[in-house]
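Trainee: One structure, as C-alpha cells, below. Some questions next.
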Amino acid sequence: MKSLNVGIIGYGFMGRAHSNAFRRVNNFFPLNHQVILKAACGRDAARTRAFADTWGYESVETDWKRLIARDDIDLIDIAAPNNVHAEIALAAARAGKMILCEKPLGMNAAESLTMVKAVEKAKVPNMVWYNYRRIPAVTLAKQLIDEGKLGKVFHYRAKFLQDWTINADVPQGGPGTWRLDVKVAGSGVTGDLLAHCIDTALWLNGGIASVSGMTETFVKERPHALTGRKQKVGIDDASAFLARFNNGSLATFEATRYARGHKALYVFEINGEHASIVWDLHDLHRLQYFDHRDTGNVRGWRSIHVSDGDHPYMKAWWVPGLQIGYEHSFVHQVADFIQGIETGKSAAPTFRDGLATDLVTDAILKSAKSGRWEKVRKG
Ligand SMILES: NC(=O)c1ccc[n+]([C@@H]2O[C@H](COP(=O)([O-])OP(=O)(O)OC[C@H]3O[C@@H](n4cnc5c(N)ncnc54)[C@H](O)[C@@H]3O)[C@@H](O)[C@H]2O)c1
C-alpha cells in the first residue's frame, strides 16, 4: 500500500464532505493507496484545530502557502470559496502536487484556463468536485445513454431551485454568505447551481453550441456581513437559459434561490427517440425510465431503485435493496480519482472538463447582458 497524504484547505460544508470521503474510501473500495489525513488548513487556528480533531487530521496550518510548501503533502484539496481556487491551484501545480478543486473551477473561464494550463504543464493529476456525476442513479443514466437506449436525444431539461435568499436582510460577504458577494463568488446561481446542471449535461449529452440567457437580481442592495454597510448586489439571484447542444437537441435550464419551498431541488429530464429518463436529487437513489419499445400492455414509467449489485458503485456498499445517499458521491469521486492515478487514466471531470462548464456559464452571463444568443467559446 502506498500512502496518499492529503492537505485540505477549508473546513466548511465541503471540507466536511471531502473529509468524510477521504476517511471512508479505503473501507469500501479496494485501492493500492491508503489515504492519510495529513493536514487541515484554515485561517482561524482554533477552528482549524477543532476541525482537525473531529476528522482525524494529523496537523494544522493557518496559511495555505505553508501547506503547499510541505514535502509530506501529496495532494492539495481546495474546499475554500471560489475567489481563492486559482491562486491556490496555480501554486499547488508549481509545487507538483495533485489537486482536487471545488466547483466552479475559476471565477470565470479566463481564470479557469490558467488553471488548466498550470496542471497540464506540471502533469499533475487533477479533478473538479462535480460530485453529482457519481450518484449511482446519475451514473446509471450515463450508462443507459452510452448504450444507446435513448436513441437520438431531442430535449434536455434541468433546474436547480433553492429559497434561502428571499429575505432582503440576508447579508452578503463574510464567512456564511460569501456566495452573495460577487467578488468572492464570481457570479450568483449561474456559477453556483447552474454549474452543476451544466457539468451533468455536458457529460450526459455532449457539448453545448450556443445559449440565450436571462438573469435577475431581485434584491439590489444588501448589508455586508462584516461592515453592516449596504452595498449593491453584484450576483445573479436567478438565471435561466435556452441552449442548443452540438447533437441537435434543445434544452432549458433554470436556477434560482427564490423558489419558496425548495431547498435543493435539482432535477433533470432527457427525452430521446426511444426512451426518456428523469432524475431528482430529492429522490436520488431512483431513476425514472420510460421505454417506448416495451410492449404496449406494460409500457409506462418505471422507477428504478438504484440499489442492486448491477448498479454503478453499489457492489461496494450494502446488500441489494439498501440505498446510499449524498455523501457517498464524494467517496466515489475519491475512489475514481485514486484508481485514475493507479491506472494512469485520469478520472473526469478534470480541470479541462471544469473549464468546459465555465465557458458555458460565461456565455450565459454574456447573453443575459447582450440580450442575444451567444456561441459557447472553445477552451
Ligand atoms: N460540490 C458541491 O456540491 C458543492 C457544494 C457546496 C459548495 N461547493 C463549493 O465548495 C467551495 C466551498 O464551499 P463551502 O460550502 O464549503 O463553503 P463554506 O463557507 O462552508 O467553507 C469555506 C471554507 O473555506 C475557508 N476559507 C476561506 N478563505 C480561505 C483562505 N483564504 N484560506 C484558507 N481557508 C479559507 C473558510 O474558513 C471555510 O472553512 C466553493 O467553491 C463552493 O462553490 C461545492
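We did not get these values from a lab; they are worked out from the coordinates using the rules stated. Everything numeric here is computed off the predicted structure, so don't read it as measured data. Don't worry about glycine lacking a Cβ; one is built from the backbone with ideal geometry, like all the others, and counts go over all protein chains shown.
Trainee: For a paramagnetic label modelled at 7 Å from the Cα of Lys2 toward its Cβ, which residues of the range 111-134 fall within the zone defined by backbone nitrogen distances under 18 Å?
Mentor: 122-127
Trainee: Tell me the chymotrypsin sites (Phe, Trp or Tyr not before Pro) within the range 134-185 that lie in a loop according to DSSP and have at most 14 other beta-carbon atoms within 10 Å. Spell out each step's value before the answer.
Mentor: On the way: sites: Phe154, Tyr156, Phe160, Trp164, Trp178; in loops: Trp164.
Passing both the DSSP loop test and the Cβ count: Trp164.
Trainee: Related question: Cβ under 10 Å from Glu374's Cβ, Glu374 left aside: what net charge do those residues give with Lys, Arg +1 and Asp, Glu -1? Walk me through the intermediate numbers first.
Mentor: On the way: positive: Lys366, Lys369, Arg372, Lys375, Arg377; negative: Asp362.
That sum, taken over residues with Cβ under 10 Å, equals +4.
Trainee: Output the pairs from Lys2/Lys123; Lys117/Lys369; Lys38/Lys103; Lys121/Lys369; Lys38/Lys315 with a Cα-Cα distance over 31 Å in this structure; if there are none, say none.
Mentor: On the way: Lys2/Lys123 20 Å; Lys117/Lys369 29 Å; Lys38/Lys103 23 Å; Lys121/Lys369 35 Å; Lys38/Lys315 29 Å.
Among Lys2/Lys123; Lys117/Lys369; Lys38/Lys103; Lys121/Lys369; Lys38/Lys315, the Cα-Cα distance tops 31 Å for Lys121/Lys369.
Trainee: Can you bin the range 167-279 into rounded, prolate or oblate? Criterion: square roots of the alpha carbon gyration tensor eigenvalues sorted a ≥ b ≥ c, rounded for a/c under 1.5, prolate for a/b above b/c, oblate for the rest. Display every interim value, and only then the final one.
Mentor: Numbers: a/c = 2.87, a/b = 2.37, b/c = 1.21.
Verdict is prolate for the range 167-279.
Trainee: Determine, for Arg49, Arg260, Arg352, the number of other Cβ atoms within 10 Å of each Cβ, and report the residues in order from fewest to most. Let's see the in-between values first.
Mentor: Values: Arg49 17, Arg260 7, Arg352 20.
Result, fewest neighbours first: Arg260, Arg49, Arg352.
Trainee: Between Gln231 and Lys65, what is 0.36 nm times their sequence separation minus the Cα-Cα distance? Round to one decimal in nm. Before the final figure, lay out the partial values.
Mentor: Numbers: separation 166, 0.36 × 166 = 59.76 nm, distance 3.15 nm.
Taking 0.36 nm per residue and subtracting the Cα distance, the gain is 56.6 nm.
Trainee: Okay, moving on. Say R0 is 56 Å: what FRET efficiency, to the nearest 0.05, do Lys220 and Arg302 get from their beta-carbon distance? Intermediate results must be reported in sequence, preceding the final value.
Mentor: Values: r = 47 Å, r/R0 = 0.83.
My answer for the efficiency is 0.75.
Trainee: What spacing in nm lies between the two simple spin-label points modelled at Phe13 and Ser370, each 7 Å away from Cα in the Cβ direction?
Mentor: The two pseudo-label positions are separated by 3.2 nm.
Trainee: Still on this structure, please answer the following. Mind giving me the FRET efficiency for Lys345 and Lys315? R0 is 22 Å, r the Cβ-Cβ distance, nearest 0.05 is fine. Don't skip to the end; give the middle numbers.
Mentor: Details: r = 20 Å, r/R0 = 0.92.
For Lys345 and Lys315, the calculated efficiency is 0.60.
Trainee: Taking other Cβ within 10 Å of each residue's Cβ, how do Arg257, Arg302 sort, fewest first?
Mentor: Values: Arg257 24, Arg302 14.
With the fewest neighbours first, Arg257, Arg302 line up as Arg302, Arg257.
Trainee: Where a ≥ b ≥ c are the square roots of the eigenvalues of the C-alpha gyration tensor, would you call the chain rounded, which needs a/c under 1.5, or, failing that, prolate if a/b is larger than b/c, or oblate? Intermediate results must be reported in sequence, preceding the final value.
Mentor: Details: a/c = 1.62, a/b = 1.14, b/c = 1.42.
It is oblate, given that a/c is not under 1.5 and a/b is not larger than b/c.
Trainee: Which residue, Val331, Val116, Val219, tops the fluctuation ranking in a GNM of the chain built on C-alpha contacts under 10 Å?
Mentor: Largest GNM mean-square fluctuation: Val219.
Trainee: Take Glu269 and Asp163, extend 7 Å from each Cα along the Cα→Cβ direction, and tell me the distance between the two endpoints in nm.
Mentor: Inter-label distance under the simple model: 2.1 nm.
Trainee: Using packing as a proxy for protection, rank 224-230, 292-298, 359-365, 80-86 so that the peptide with the highest average count of other Cβ atoms within 10 Å comes first. Walk me through the intermediate numbers first.
Mentor: Details: 224-230: 12.1, 292-298: 8.4, 359-365: 24.7, 80-86: 21.3.
Packing proxy ranking, top to bottom: 359-365, 80-86, 224-230, 292-298.
Trainee: Could you check the spin-label model distance between Phe29 and Ala46? Points 7 Å from the Cα along Cα→Cβ, value in nm.
Mentor: 3.7 nm
Trainee: Another question about this same structure. At a 10 Å Cβ-Cβ cut-off, how would you order Val182, Val170, fewest neighbours first? Write down the numbers at each step before the final one.
Mentor: Numbers: Val182 20, Val170 16.
Arranged by neighbour count, lowest to highest, Val182, Val170 become Val170, Val182.
Trainee: Oh, and also: Sort out for me the Cα centre separation of the range 300-379 from the range 59-136, rounded to whole Å.
Mentor: Each part's Cα centre sits 18 Å from the other's.
Trainee: Could you tally the net charge around Val267, taking each other residue with its Cβ under 14 Å from the Cβ of Val267, Lys/Arg +1 and Asp/Glu -1?
Mentor: Charge balance in the 14 Å sphere: 0.
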